[in-house]
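Peer 1: I have a structure I would like to understand better, so I am pasting it below and will then ask my questions one at a time.
The values are calculated or read from the model by the stated rules, or taken from the named source; none is laboratory data. Everything numeric here is computed off the predicted structure, so don't read it as measured data. Note: ideal-geometry Cβ built from the backbone for every residue, glycine included; neighbour counts use all protein chains shown. Just so you know, the surface numbers come from the protein's heavy atoms only, side chains and all, with ligands and any DNA or RNA stripped out. Shrake-Rupley method; radii C 1.70, N 1.55, O 1.52, S 1.80 Å.
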Amino acid sequence: MKRSFIDSLMNESLADLQSISKSDLHNHAGRGGTLQYIGSWAKVNIEPPTAVFKSLSEMQSWYVDHVKSHCPGIQGYLKRIEASFAQAAEDHIDVLALSFGIDEIHSLGTMESFSRTIDELHRRFAPEARFLPELAFDRACNVDEAYERIEEILSYNWFRSVDICCDEFAQPIQRFKKLYQRANDAGLILKAHVGEFGSADDVMEAVEELELQEVHHGIAATKSPQIMRWLADHRIQLNVCPTSNIMLGVAESYSSHPIRALYDFGIPVTINTDDLLIFNQSVSHEYMNLHKSGLMTADELNVIRETGLSLESYLFIKPS
Ligand SMILES: [Zn+2]
């Protein structure tokens, strides 16, 4: 597998790359499909964005206008989740973490109907993928309300990890401590979006305060060699999304992407899609882009691929 992965990068064969086992560990479920899949279902042609977004809210407006408007309501939502699984199967994503918000659960009535519906889509569209559902809290959420709702959700032992997403500056990360202690007690892997727009100190603070095992993005850590060393020493995994970073203006290009420095400091990193329905690049594309730019060698990218498939931390999930 290692040899064929390296060969497919050297030969610039996207089709070969797509046939090789990979992971996607940072993927917002409702936005993980392809524009072609949704476009052909809705019978419209959706062109990907052409310019860098100035902010998350500008990105959100683009998404609502160009994608969500073509697949509204519950039916459209389920079609987008289906698209995420179908895309994962097409790109040979063998380890797939998809994140879902609390509101998504409630849009399908109960946790029971939600998990049953999503499991069914998993079975139908990506049966080979090891599926790791992730529960995502909006950084701006009312933490006390989320805490009230989490007991019932956790009682299903369905989610495998937790995340905090969206606006990094909405409220101090410490407010999520109680919620994360509860998630830790339930054996979930602790992750959060941090260091995408924030600072290196924000990354370290979030990891320390919430005892995170993984960070989504975390690229701001490259501003501090001390913090990068600390992340490497503590084996904190960073789930990096290169195209997302470029399209949101926090990285200039593939050839100068911070993943190079993170890797060189020995931090475990993975390569992921974030919001494929917006950024329009699969995991295979992401590997190809980094290799073509000259930033990483095929051997190094294979180390990253293997990191994503190792599932080391998930083996420690406490049995229910
Ligand atoms: Zn994200």
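Peer 1: Filter the stretch 231-240 for residues that are of a type outside the set (S, T, N, Q) and surrounded by 24 or more Cβ atoms within 10 Å (Cβ to Cβ); which is farthest from the chain's Cα centre (by Cα)?
Peer 2: In this case the residue turns out to be Leu231.
Peer 1: On the basis of being open to solvent by 50 Å² or more (accessible area, probe 1.4 Å), closer than 20 Å to Leu262 by Cβ, touching a residue at least 12 places away in the same chain (Cβ under 8 Å) and in a loop (DSSP other than H, G, I, E, B), does Phe169 make the cut?
Peer 2: No: the conditions fail for Phe169.
Peer 1: Return yes when Val203 is within 16 Å of the ligand (Cβ to nearest atom) and either under 19 Å from Ile304 (Cβ atoms) or at pLDDT 95 or above (or both) and no when it is not.
Peer 2: Criteria met by Val203.
Peer 1: What do you reckon, is Leu154 in contact (Cβ under 8 Å) with a residue 40 or more places away in the chain and at negative phi?
Peer 2: For Leu154, the condition - in contact (Cβ under 8 Å) with a residue 40 or more places away in the chain and at negative phi - is not met.
Peer 1: Could I ask something else about it? List pairs: first in the stretch 1-30 and in contact (Cβ under 8 Å) with a residue 12 or more places away in the chain, second in a loop (DSSP other than H, G, I, E, B) and open to solvent by 20 Å² or more (accessible area, probe 1.4 Å), Cβ under 7 Å, 6+ apart or cross-chain?
Peer 2: Qualifying pairs under 7 Å: Gln18/His92; Ser19/His92; Ile20/Met1; Ile20/His92; Ser21/Met1; Ser21/His92; Lys22/His92.
Peer 1: Could you tell me which of the residues Glu196, Glu208 is touching a residue at least 40 places away in the same chain (Cβ under 8 Å), open to solvent by 10 Å² or more (accessible area, probe 1.4 Å), out of contact with any Lys or Arg (no Cβ under 8 Å at 6 or more places or on another chain) and over 19 Å from Arg149 (Cα atoms)?
Peer 2: Glu196
Peer 1: I'd like to verify a number: residues in the stretch 11-31 that are outside any helix (DSSP H, G or I), more than 12 Å from the ligand (Cβ to nearest atom) and not polar (S, T, N, Q), how many?
Peer 2: 3
Peer 1: A further question on this structure: Output the residues belonging to the stretch 32-53 that are at pLDDT 95 or above and either part of a helix (DSSP H, G or I) or open to solvent by 70 Å² or more (accessible area, probe 1.4 Å) (or both).
Peer 2: Leu35, Gln36, Tyr37, Ile38, Gly39, Ser40, Trp41, Ala42, Lys43, Asn45, Glu47, Val52
Peer 1: Counting just the residues of the stretch 86-102 that are farther than 22 Å from Ile189 by Cβ and without any contact (Cβ under 8 Å) to a residue 60 or more places away in the chain, which one comes out most open to solvent (accessible area, probe 1.4 Å)?
Peer 2: Ala89
Peer 1: Ala83: away from the ligand (no atom under 15 Å from the Cβ), surrounded by 15 or more Cβ atoms within 10 Å (Cβ to Cβ) and either part of a helix (DSSP H, G or I) or at pLDDT 95 or above (or both), yes or no?
Peer 2: yes
Peer 1: Among the residues of the stretch 16-31, which ones are within 9 Å of the chain's Cα centre (by Cα) and open to solvent by 20 Å² or more (accessible area, probe 1.4 Å)?
Peer 2: Correct list: His28 only.
Peer 1: Among the residues of the stretch 94-137, how many are within 16 Å of the ligand (Cβ to nearest atom) and hydrophobic (A, V, I, L, M, F, W, C)?
Peer 2: Selection size over the stretch 94-137: 8.
Peer 1: Then there is this: Select from the stretch 129-155 the residues that are within 19 Å of Thr110 (Cα to Cα), more than 22 Å from the chain's Cα centre (by Cα) and of a type outside the set (Phe, Trp, Tyr) and list them in ascending order.
Peer 2: Matches in the stretch 129-155: Glu145, Glu148, Arg149, Glu151, Glu152, Ser155.
Peer 1: Considering only residues that are among the hydrophobic types (A, V, I, L, M, F, W, C), open to solvent by less than 40 Å² (accessible area, probe 1.4 Å), in contact (Cβ under 8 Å) with a residue 40 or more places away in the chain and not in a helix (DSSP H, G or I), which ones fall in the stretch 241-266?
Peer 2: Hits for the stretch 241-266 are Cys241, Leu248.
Peer 1: For the stretch 268-287, how many residues meet the condition of being part of a helix (DSSP H, G or I) and away from the ligand (no atom under 15 Å from the Cβ)?
Peer 2: 3
Peer 1: For the stretch 211-226, which residues satisfy the criterion of being in a helix (DSSP H, G or I) and surrounded by fewer than 24 Cβ atoms within 10 Å (Cβ to Cβ)?
Peer 2: Within the stretch 211-226, Ala220, Thr222, Lys223, Pro225, Gln226 meet the criteria.
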